[in-house]
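**Student:** Have a look at the structure that comes next, please.
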Amino acid sequence: MADSAGDWAPFPDLSLQYHKDRPEEAVGARTQGEIRETHRRPGHPPSRASSAPVTGFPPDAFRRDDEAPDAEFYSFPRLVTHIDDGAIAAVTQLYRELFPAGGAVLDLMSSWVSHLPPEVTYRRVVGLGMNAEELAANPRLAAWVVHDLNEEPRLPFADGEFDGAGLCVSVDYLVRPVEVLRDLARVVRVGGRVVITFSNRCFPTKAIALWHVLDDAGHVELVARYLAEAGGWTGIEMLDRSPAGGGDPLFAVVGVRG
Ligand SMILES: C[S@@+](CC[C@H](N)C(=O)[O-])C[C@H]1O[C@@H](n2cnc3c(N)ncnc32)[C@H](O)[C@@H]1O
């Protein structure tokens, strides 16, 4: 899968699908206290999964099972990795290829690890996330801020402040993704890249309804659609960087600030 964002057909009808689909996904889990992060069985997406390309978002697209403030869910640190080593290496390789050495990088929806290549020095790496303890433990961050993007999609950064931005295994939690990515275009300089990566795991109660009814290919097309809707991003690419030997798949959507 390596394509550019093109024509879109309507999203599937979400009515009655949200709650029904989740149990089918929960075939694997990593326990974090009472929170389970689940993934789909490879090759067995839920029966209603759709990779249909899209125009417009259905009314319930961004509803979540847990609509409590995100600050509650992220009130305690999770010093874990959310994808396996092979998938992390794929993220790191993308960053190695796409973020300029010596540049300023924004790690959006960050935690205690940024997955940046260890051998590369950046002028400045800034993290934005929900848990102060996680962000404080991140050795790559020169600065960080706790900021709820679902409450306030506008980013607390200056115009053109960054040479690139990463958003790893978290885009499925955004309820206003187009607004966030539109403002991200403001803070990334012309020619800088956004690298949005994801696998097939999520915290199901915090992922948006639309994520649950799409399969892997549908997720890739959805995220490309977000970038196209946001504006300011060109050369949108959809990539499958899943490691050859199996394990967690790794998909990416990349855009260049136009
Ligand atoms: C699955 S973790 C991924 C963390 C990290 N990017 C990584 O690759 O390991 C989800 C991250 O999204 C962040 N996040 C979730 N909801 C958010 C929100 N409303 N605003 C900002 N960040 C959020 C959390 O702080 C958490 O670090």
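**Student:** Of all residues being in contact (Cβ under 8 Å) with a residue 12 or more places away in the chain, over 22 Å from Arg123 (Cα atoms) and of a type in the set (Asp, Glu) in region 143-182, which is surrounded by the most Cβ atoms within 10 Å (Cβ to Cβ)? Just the residue, please.
**Tutor:** This residue is Asp172.
**Student:** Output the number of residues of region 186-218 satisfying the condition of being within 23 Å of Thr81 (Cβ to Cβ) and touching a helix residue (DSSP H, G or I) at 6+ places or on another chain (Cβ under 7 Å).
**Tutor:** 14
**Student:** Can you confirm whether Arg182 is among the charged types (D, E, K, R), under 27 Å from Pro77 (Cα atoms) and modelled with pLDDT of 95 or more?
**Tutor:** no
**Student:** Among the residues of region 157-169, is any out of contact with any strand residue (DSSP E or B) (no Cβ under 6 Å at 6 or more places or on another chain), within 8 Å of the ligand (Cβ to nearest atom) and in a strand (DSSP E or B)?
**Tutor:** No, because not a single residue in region 157-169 is out of contact with any strand residue (DSSP E or B) (no Cβ under 6 Å at 6 or more places or on another chain), within 8 Å of the ligand (Cβ to nearest atom) and in a strand (DSSP E or B).
**Student:** Residues of region 93-134 being acidic (Asp, Glu) and either exposed (fewer than 15 other Cβ atoms within 10 Å of the Cβ) or more than 10 Å from the ligand (Cβ to nearest atom) (or both), which ones?
**Tutor:** If the condition is that a residue be acidic (Asp, Glu) and either exposed (fewer than 15 other Cβ atoms within 10 Å of the Cβ) or more than 10 Å from the ligand (Cβ to nearest atom) (or both), then Glu97, Glu119, Glu133 are the ones that fit.
**Student:** Does Arg201 meet the test of being of a type in the set (Lys, Arg) and buried (at least 21 other Cβ atoms within 10 Å of the Cβ)?
**Tutor:** Here the answer is yes, as Arg201 does meet what is asked.
**Student:** Would you mind stating whether Glu97 is over 24 Å from Gly218 (Cβ atoms), in a helix (DSSP H, G or I) and at pLDDT 95 or above?
**Tutor:** Yes; evaluated as a whole, the condition is true for this residue.
The values are calculated or read from the model by the stated rules, or taken from the named source; none is laboratory data. All figures in this text were calculated on a predicted structure; none of them were measured in a lab. When we count neighbours, we look across all protein chains shown, and the Cβ atoms used for this are built from the backbone with ideal geometry, even at glycine.
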